[in-house]
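Just so you know, all these numbers are worked out from the coordinates, no wet-lab data involved. Since we're looking at a predicted model, the values are computed, not measured. Every residue, glycine among them, receives a Cβ derived from its backbone with ideal geometry; neighbour counts consider all protein chains shown.
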Amino acid sequence: MALREPGASPLAGGTDLVLLIKDGLFQPQKLVDLSQLNELQGISEKEDFIEIGASTKLKEIVDCEILPECLRKGAGWVGSPQIRNLGTIGGNICNASPSGDTLTPLLVLEAELVLQSWRGTRVVPLDSFFTGPKRTIRADDEILTVIRLPKRVLQKKTGFSKIGGRNGMIISQVNGALSCFKREFKITEVRMAFGSVAPTPIRAKHTEEALEGSDIRNIPESVFSAVQEDIKPISDIRAGDKYRRALMRAIILDILSQVQNP
Ligand SMILES: Cc1cc2nc3c(=O)[nH]c(=O)nc-3n(C[C@H](O)[C@H](O)[C@H](O)COP(=O)(O)OP(=O)(O)OC[C@H]3O[C@@H](n4cnc5c(N)ncnc54)[C@H](O)[C@@H]3O)c2cc1C
């Protein structure tokens, strides 16, 4: 499966792309509708991975019980029921917004993307996919076909949180996700990611290091200074950079509270 026509843009649910076209911000030469391709639909369990077809609707992600809590929660925070019934996970990824709500969950789940073109297929870690706001390493003739979640990671506890300006239909001022193993109260193999605080969604490696091996009942203060090294927020219409920095303590504590119970 690949785009044969030069200048052709894939169209999935259209909840990002159609708005850009209507507002005159993007004029594709051709649109290729992916919505009827069965190969891009659905969630299936393989030996080492769970595979999610790129055109799987966000509503299906929310409802799928074999998927980790953080991803179901992130998808559940996208827009409204109408948007989640049209919008796809592949569209959320390829749109590459720094605030995309499935992106931080997918980062902490160590997701891999399968990209296909006439030249062949390549598998890339999500962590290396985003290069800037709305920019990715996807070549023009490549289609994202499948998102793979390694099964080992699915044994972990996970959490997701989003802070925005008002309830419902909000784009994040900050969002974040966590995955970790928890034995008694000690957390290990911590992965943490944040959105809306840098040009792309980011893995927060200093924060991960500071959290690694911690007792979840007693989070070291160094975690809250480490996160300030990880993020590079800007001021925009949704929030100021200082405010975004100040939100980090609250969002970290909220996410950790979700993995606190046995
Ligand atoms: C009112 C409203 C509220 C919203 N709220 C949120 C929110 O709270 N959180 C959030 O994260 N997003 C939000 N969005 C954005 C949007 O709904 C999501 O990003 C959605 O997941 C996009 O999916 P789609 O299928 O509609 O993508 P489309 O609009 O069809 O495509 C988006 C981009 O991805 C490309 N693309 C799509 N599929 C593929 C593929 N398989 N291979 C290669 N390229 C592909 C397209 O060419 C396009 O560039 C909102 C949008 C609206 C209109």
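Loop-located trypsin sites (Lys or Arg not before Pro) in region 80-162 (DSSP state not H, G, I, E or B) with no more than 13 neighbouring Cβ atoms inside 10 Å: 119. In summary, the lysines within cross-link reach of residue 186, defined as a Cα separation below 18 angstrom excluding same-chain residues under 8 places away, comprise 156, 157. Neighbour counts of other Cβ atoms within 10 Å put 248, 192 in the fewest-to-most order 248, 192. Quick check: from the Cα gyration tensor, does region 1-94 come out rounded (a/c under 1.5), prolate or oblate? Here region 1-94 falls in the oblate category.
Loop-located trypsin sites (Lys or Arg not before Pro) in region 206-258 (DSSP state other than H, G, I, E, B) with a sparse environment of at most 16 neighbouring Cβ atoms within 10 Å: 217, 238.
Of the cross-linked pairs 57/162; 46/151; 151/205; 162/182, those separated by over 18 Å at the C-alpha level are 57/162; 151/205; 162/182. Between amide H atoms placed 1.01 Å from N, distances below 5 Å from residue 50 occur with 149, 151, all of them 5 or more places distant or on a separate chain.
The GluC sites (Glu not before Pro) of region 16-89 meeting both criteria, a DSSP state outside H, G, I, E and B (loop) and at most 10 other C-beta atoms within 10 angstrom of the site's C-beta, are 47, 65.
Dipole check for the chain: with +1 at the C-beta of Lys and Arg, -1 at the C-beta of Asp and Glu, and the Cα centre as origin, the magnitude is about 460 Debye.
Once C-alpha pairs closer than 8 Å and six or more residues apart are averaged by separation and normalised to the residue number of region 155-258, the relative contact order reads 26 percent.
Around the amide H of residue 11, modelled in the peptide plane, lie the amide H atoms of 32, 33, 34, all under 5 Å away and 5 or more residues distant in sequence or on another chain.
Counting charges near residue 108 (Lys, Arg +1; Asp, Glu -1) among other residues having Cβ under 9 Å from its Cβ returns a value of +2.
The percentage of C-alpha pairs in region 154-225 whose separation is greater than 15 Å is 59%. The alpha-carbon positions of the chain define a convex hull whose volume is 124 Å³ per residue.
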